[in-house]
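For reference, the structure is listed below as structure tokens.
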Amino acid sequence: RVVITELRKPTYYARLILKVENELGMKIVELDARPSDCIALAIANKRPIYVSATLFEEVEDMSELLDQINQAREDSEDSQGESGEEKV
């Protein structure tokens, strides 16, 4: 799993948490890593991505902006005809 742990302006930090098994048994290994690498690995391996509660409360809620972007994209797609040409 991946945990995005903190933000020290302008850099985010993350931990990659792995289960490792060898001849001595199973253990959990935590690695500091770039968030972009952690996210790519989590997505590629269908693993969860978490954000620490402290960080979540520090950052700005972008939900409204994302909704506006999605709505604009949907409106743009709706204004195109079947041939991909814009309706007049």
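Of all the residues in the stretch 17-74, those that are among the charged types (D, E, K, R) and either surrounded by 10 or more Cβ atoms within 10 Å (Cβ to Cβ) or in a helix (DSSP H, G or I) (or both) number 12.
Among the residues here, Asp78 qualifies as over 19 Å from Arg8 (Cβ atoms), at pLDDT below 85 and of a type outside the set (Gly, Ala, Ser). A count restricted to the stretch 32-68 and to residues that are under 12 Å from Val3 (Cα atoms) and of a type in the set (Gly, Ala, Ser) stands at 5.
The values are calculated or read from the model by the stated rules, or taken from the named source; none is laboratory data. Keep in mind that this is a model prediction, so the values were computed, not measured. No Cβ is skipped: glycine too gets one built from the backbone with ideal geometry, and neighbour counts run over all protein chains shown.
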